[in-house]
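This report refers to the structure that appears directly beneath it.
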Amino acid sequence: MVLGFICVAGAAAVLGILPSIQKQVMMDGLPLNSLIFFTNWTITLVCFLLSIIKKKSFKAAKVQMLQVIFMGVFGMLFTAVLLNSSYLYLPVGTTIMLNFLYSTIVCVIMGTVFKEGFTKLQVMAVAVSILGMFSQARAGKCRLPGL
C-alpha cells in the first residue's frame, strides 16, 4: 500500500511539471503532432523494454485489440491533442485546473441532470473543489475570467 502512495505522489509531481515543459517545447517550435508522437513513442519503447525484462506477453484477443485501439484514439490521442493545444491559448495553471475539475462537473451532472442526488461526502468534495479553484485563482496561480 505504501508503494501505491509513493507511485501516486510521483505521478502527481510529474503531472504537475510536465505541462509547463510541454508548453515550452511547443513555444520553442516543435509542432503539436511531433510532441505527441515523440512522447508516445518514448512511452512505447519503455513499455516494450519493461515487458521484455519482466517476460510479459503482448498477446491480446481481437476484441481486446479493438478496445485498445478505441481507447488509444478516443481516450489518449484526442485528450493529448486537445490538452496540449489548450496550452497555447491558456496559461498552463488554468488549463490543468479546468481539466481536473471534470470529476466535480461529472458529480454535479449526475446529481442534478440524472437525479442521483448527493451524499454529504459528495457535497463536501464539490465544495472543496470549487473553493480550491477560486483560492488558486485569487492567489494568482491561474487566471479565470473576471477574477
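Throughout, read-outs are computed from the coordinates displayed, never taken from laboratory work. Small disclaimer: the values here were computed from a predicted structure and weren't measured. Neighbour counts are summed over all protein chains in view; Cβ atoms, including those assigned to glycine, are modelled from backbone coordinates with ideal geometry.
Computed over segment 91-147, relative contact order equals 49 percent, with contacts defined as Cα pairs under 8 Å that lie 6+ residues apart. Placing a pseudo-label 7 Å from each Cα along the Cα-to-Cβ vector at Ile6 and Val108 gives an inter-label distance of 3.9 nm. Name all residues of segment 5-45 having a backbone nitrogen under 13 Å from the label point set 7 Å from the Cα of Ile53 along its Cα→Cβ direction, giving them as ranges. Zone members listed by number: 45. One Cα centroid belongs to segment 82-120, the other to segment 41-80; the line between them spans 27 Å. Residues within the reach of a label modelled at Leu77 (point 7 angstrom out along Cα to beta-carbon, backbone nitrogen below 17 Å), restricted to segment 11-48, are 32-44.
Å³ per residue of the Cα convex hull, for segment 1-89? Walk me through the numbers before you get to the answer.
On the way: hull volume 11.4 nm³, N = 89.
Output value, Cα hull per residue: 128 Å³.
Placing a label point 7 Å from the Cα of Ser85 along the Cα-to-Cβ direction, the residues of segment 22-63 whose backbone N falls under 14 Å of that point are 32-34, 36.
Scoring 113-122, 79-88 by mean Cβ neighbours within 10 Å over their residues and listing the highest first yields 79-88, 113-122.
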